[in-house]
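The values are calculated or read from the model by the stated rules, or taken from the named source; none is laboratory data. Remember, predicted model here, so these are calculated numbers, not experimental data. Positions of Cβ are generated from backbone atoms using ideal geometry, with glycine treated the same way; all protein chains shown enter the neighbour counts. Quick note on the areas: whole protein, heavy atoms, side chains included, nothing else; ligands and nucleic acids left out. Shrake-Rupley method; radii C 1.70, N 1.55, O 1.52, S 1.80 Å.
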Amino acid sequence: MTSALDQLKQWTTIVADTGDFKSIDQYGPQDATTNPTLILDATKNPRYDYLIDSAIKYAKGKVSSNEKALELAADKLLVNFGFEILKIIPGRISVEVDAKLSFDTEGTIIKARHLINLFEEIGVDKSRVMIKIASTWEGIQAAKILEKEGIKCNMTLLFSFVQAVACAEAGVTLISPYAGRILDWHIKNVKKTYKSNEDPGVMSVTKIYNYYKKFGYKTIVMGASFRNIGQIEELAGCDYLTISTKLLNQLQCSHKKIERKLSPNTAHNYLEQKITYDENSFKWNLNEDPMATEKLTEGIRSFAKDGRTLMLMLKQRLNKEDTIITEKISENIDLGDKTSKPFKLFGRQTEFMVV
């Protein structure tokens, strides 16, 4: 019998939501997505140490300041993981800009261009990369500019209709409405359990999908952050779904019959009228949605925290390498000789004068 996963692939593009690229090949995803949390989790596995070492070596060979080397190593690490994932998938990899730039339009643009440049340095065309940006007003405006430059954007941390409309109006490539986190909020605050077809996360993604199809928006809807396969089954037919390896495995092992729930052919029955938002109306309507406001700020804080933890790990590795270098320098200096000694440091010939 055909697996639930293969049935789903008839209508929906499957994306692997993980940084652990050695685990995704068996599911045959088209694309893959990463975020600071997933990358942080992957770096805890010793089999990926070589990617960390490579990022540090690259950064120290480019800049002399440890502070600048740390930031560059973090960016290069994202690219290293992305590059390895692209060897497995036929489509695109999504990499995320630093969450601390969520309210900085210009900073987001600069970081996105930098990440694309790092990919292009190793021969990856920008058409195979999407830049993940938080769906704040500032992030959406950054994406609008980047899209005009040919840099594809994946708008993440999206919890509301107002965010989705603004993203579509900006002409972004893809949005990632977080079905699972929406459900989390309702379970916690409404104190209710939900059947899959009543799931508020599923209903949110469905509303956005139907609105986009009815009014002809080209932006891809990619449901994300799933808590169970019931949510996924209810969104069969959505453009894309990004799914954890745990749930991909459940879908692969299941042979339950899956029915298509979302289709452009039925979206015209959707009753919502077309709407647009400027900055003031966007921020006000987002503010009026306590779930979206809370989950957006919570998500930014969480990704920022994991980003800082990742930077701390890289800093410790950088400092460890500096200690090794210092010890090696000491071993190569004869304290009885007052002349300069040549020493190769980070690929550059350097002289140290003993005084």
(request) Calculate what fraction, in whole %, of the accessible area of segment 4-335 sits on carbon and sulfur atoms when a 1.4 Å probe is rolled over the protein chains. (result) 50
(request) Scan the chain and hand back the longest stretch that contains none of the trypsin sites (Lys or Arg not before Pro) lying in DSSP loops with at most 10 other Cβ atoms within 10 Å. (result) 88-190
(message) As an exercise, use a Förster radius of 41 Å and the Cβ-Cβ distance of T193 and H114 to find the FRET efficiency, rounded to the nearest 0.05.
(response) 0.35
(request) Would you calculate a helix-derived [θ] at 222 nm for the chain, using -39,500 (n - 2.57) for each DSSP H run of n ≥ 4 and dividing by the full residue count, to the nearest 500? (result) -16500 deg cm²/dmol
(message) Give me, ordered by chain and number, the residues 5 or more places off T33 or on other chains with an amide H under 5 Å from its own placed amide H.
(response) A16, D17, T18, S94
(request) Take the alpha carbon atoms of segment 1-55, find their center, do the same for segment 193-223, and report the distance between the two centers in whole angstrom. (result) 24
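Normalised by the number of residues in the chain, what is the relative contact order in percent for Cα pairs under 8 Å and 6+ residues apart? Spell out each step's value before the answer.
Values: 584 pairs, mean separation 72.8, N = 355.
Relative contact order of the chain: 20 percent.
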(request) Could you work out how far the C-alpha centroid of segment 134-171 sits from that of segment 256-318, in angstrom? (result) 10
(request) May I ask for the net charge around T266, where only other residues with Cβ less than 11 Å from the Cβ of T266 are counted and Lys, Arg are +1 while Asp, Glu are -1? (result) +4
(request) Describe numerically, in nm with one decimal, the distance between label points set 7 Å from Cα along Cα→Cβ at D41 and at H268. (result) 4.2
(message) Taking the solvent-accessible surface of protein heavy atoms with a 1.4 Å probe, what is the per residue accessible area of the chain in Å²?
(response) 47
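Please get the size of the charge dipole for the chain, origin at its Cα centre, with Cβ charges of +1 on Lys and Arg and -1 on Asp and Glu, quoted in debye to the nearest 20. Don't jump to the answer; show the numbers that get you there.
Values: 49 positive and 45 negative charges, 99 e Å.
Its charge dipole is roughly 480 debye.
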(message) What does the extension gain come out to for Q316 and K100, with contour length at 0.36 nm per residue minus their alpha carbon separation?
(response) 75.6 nm
(request) Mind putting a number on the dipole of segment 1-109 about its Cα centre? Charges go on the C-beta only, +1 for Lys and Arg and -1 for Asp and Glu, and I need it in Debye to the nearest 20. (result) 340
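Grab the Cα-Cα distance for D278 and V63, subtract it from 0.36 nm times how many residues apart they are, and report the gain in nm with one decimal.
73.3 nm
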(message) Could you give each residue of segment 163-170 its phi-based ³J(HN,Hα) in whole Hz, using Karplus coefficients 6.51, -1.76, 1.60 with θ = phi - 60°, and x for Gly or Pro?
(response) 5, 5, 5, 4, 5, 5, 5, 7
(request) Provide the per-residue ³J(HN,Hα) series for segment 88-94, in order, calculated from phi with Karplus coefficients 6.51, -1.76, 1.60 and θ = phi - 60°, each as a whole number of Hz, with x at glycine and proline positions. (result) 9, 9, x, x, 10, 10, 9
(message) What are the ³J(HN,Hα) couplings of segment 131-143, residue after residue, when phi is run through the Karplus curve with 6.51, -1.76, 1.60 and θ = phi - 60°? Round to Hz, x for glycine and proline.
(response) 9, 8, 9, 5, 7, 8, 4, 5, x, 5, 5, 5, 5
(message) Using 32 Å as the Cα-Cα cut-off, could you pick out the over-long pairs in K191/K315; K111/K191; K44/K144; K44/K100?
(response) K191/K315; K111/K191; K44/K144
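Of the DSSP beta bridges with both residues in the chain, give the percent that are antiparallel, rounding to the nearest 5.
Values: 6 of 32 bridges.
Counting only bridges with both partners in the chain, antiparallel ones make up about 20 percent.
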